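**Student:** My questions all concern the structure below.
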Amino acid sequence: MQTPIGPLAPPTPGCSLVGDLIGALYNRIARSWRELMLKGKSAVVTGSTSGIGLAIAGALAAEGCDIVLNGFGDPAAIERLRAGLAERHRVRAIYLPADMAKPAEIRALIAEAARQFGAVDILVNNAGIQHVAPIVAFPEERWDAVIAINLSAAFHAAKAALPLMIARRWGRIINIASAHGLVASGEKAAYVSAKHGLVGLTKVAAIENANHGITCNAICPGWVLTPLVEQQIEARARDQGIAVEQARADLVREKQPMLDYTTPEKIGALAVFLCGEAASTITGAALSIDGGWVAQ
Ligand code: NAD
């Protein structure tokens, strides 16, 4: 990301060799500054065995953060992810299999992360599930599960992590909400309610901790191509009897003026920015990264 980092200002763009060299030097110094800032910080990223969470874990590891991976999946595949992160970025990476629907397991996850890394500096509440049905047919147990994983888990994790952050006078909480945290769509009652609630929780956490060196922000993505969305695209193709490619194009066109899906890596870059010095006074914000979805 080409954003000024810390006290550095970017050089004026030019087309000369000297200009290119200065630009390269600037990028190197900016990167070193960021690395210094985040190197050795410990980050818990919930739901990071796939999709957006995995990309955020990778982006934070690339900045030198030690990483706690969490989420479901094949144990051998998760071990490959964990070992890959640790080797590629020369950081410590551990996997803790807490079920984010269970408050006791969430508390244990934060306690174990702090025991192994000595701190929880960064908490990314990302784990999420979806269920699509009209309210009249919405299964009650799916409502409970969506609210538990997409909303209550963030409360339980923040409640456990905040005392550790307050003690160290530094912390970053990033809640992965959604465009559906700001506007609604039909047939997503539980998801829209959870994500609106998550944006509210973000504001409260920001206000309560504004003078503890802690920021709390929500990222509100539009469509991102991950397994969560691929399932919705496949269901749409099945229901409408159309090709998956057509369903993929239709889905994005229905909501976003910009017809591109956001990549998980772009969300990772935004999360890194929010953890950096340049973002130290951004708090309580709901940052859209949605191809113009909620601008309409
Ligand atoms: P994904 O299905 O690829 O990943 C979800 C992750 O959460 C996986 O690692 C999964 O194992 C984990 N998970 C699910 N239930 C869990 C539980 N009970 N305990 C622990 N881990 C659990 O989904 P994604 O698209 O990467 O979504 C990540 C987040 O981004 C979600 O909160 C989602 O609502 C949000 N989001 C996604 C999009 C999108 O278009 N993909 C858009 C807006 C917001």
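The values are calculated or read from the model by the stated rules, or taken from the named source; none is laboratory data. Treat the numbers as computed from the prediction; the structure is a model and nothing was measured. Every residue, glycine as well, gets a Cβ built from its backbone with ideal geometry; the counts of neighbours run over all protein chains shown.
**Student:** Kindly list the number of the only condition in (1) over 20 Å from the mean Cα position of the chain (by Cα); (2) more than 13 Å from the ligand (Cβ to nearest atom); (3) in a helix (DSSP H, G or I); (4) of a type outside the set (S, T, N, Q) that fails for I233.
**Tutor:** Status for I233: all satisfied but (2).
**Student:** Kindly indicate which of A206, A279 is among the hydrophobic types (A, V, I, L, M, F, W, C) and over 16 Å from the mean Cα position of the chain (by Cα).
**Tutor:** Step by step, each of A206, A279 is checked, and only A206 is among the hydrophobic types (A, V, I, L, M, F, W, C) and over 16 Å from the mean Cα position of the chain (by Cα).
**Student:** Consider the stretch 136-174. How many of its residues are surrounded by fewer than 21 Cβ atoms within 10 Å (Cβ to Cβ), in contact (Cβ under 8 Å) with a residue 24 or more places away in the chain and not in a helix (DSSP H, G or I)?
**Tutor:** 3
**Student:** Okay, moving on. Pull up the stretch 77-92, narrow it to residues that are away from the ligand (no atom under 15 Å from the Cβ) and of a type in the set (A, V, I, L, M, F, W, C), then point me to the one that is surrounded by the most Cβ atoms within 10 Å (Cβ to Cβ).
**Tutor:** Start the filter on the stretch 77-92 by keeping residues that are away from the ligand (no atom under 15 Å from the Cβ), which leaves 83-84, 86-92.
After this cut, where a residue has to be of a type in the set (A, V, I, L, M, F, W, C) as well, the list is 83, 86, 91.
On the way: A83: 12, A86: 16, V91: 21.
Here the residue is V91.
**Student:** Exactly one of (1) in a helix (DSSP H, G or I); (2) exposed (fewer than 15 other Cβ atoms within 10 Å of the Cβ); (3) modelled with pLDDT of 95 or more is unmet by A205. Its number?
**Tutor:** (2)
**Student:** Sticking with this structure for a sec: Condition first: away from the ligand (no atom under 14 Å from the Cβ), assigned to a helix (DSSP H, G or I) and either among the aliphatic types (A, V, I, L, M) or at pLDDT below 95 (or both). Now tell me which residues in the stretch 248-264 satisfy that.
**Tutor:** Scanning the stretch 248-264 gives a single hit, A249.
**Student:** Looking at the stretch 180-217, which of the residues that are near the ligand (Cβ under 10 Å from one of its atoms) and not aromatic (F, W, Y) is farthest from S152 (Cα to Cα)?
**Tutor:** H180
**Student:** With I129, I94, I52 as the choices, which residue is outside any loop (DSSP other than H, G, I, E, B), among the β-branched types (V, I, T) and closer than 20 Å to A218 by Cα?
**Tutor:** Answer to the check: I52.
**Student:** Do we find that A247 is free of Cβ contacts under 8 Å to residues at least 12 places away in the same chain, surrounded by 14 or more Cβ atoms within 10 Å (Cβ to Cβ) and either more than 20 Å from the chain's Cα centre (by Cα) or farther than 30 Å from I166 by Cα (or both) in this structure?
**Tutor:** no
**Student:** Looking at D74, D20, D66, which one is at pLDDT 80 or above, charged (D, E, K, R) and within 16 Å of the ligand (Cβ to nearest atom)?
**Tutor:** The conditions single out D74.
**Student:** For the stretch 56-80, how many residues meet the condition of being assigned to a loop (DSSP other than H, G, I, E, B) and among the charged types (D, E, K, R)?
**Tutor:** Of the residues in the stretch 56-80, 2 are assigned to a loop (DSSP other than H, G, I, E, B) and among the charged types (D, E, K, R).
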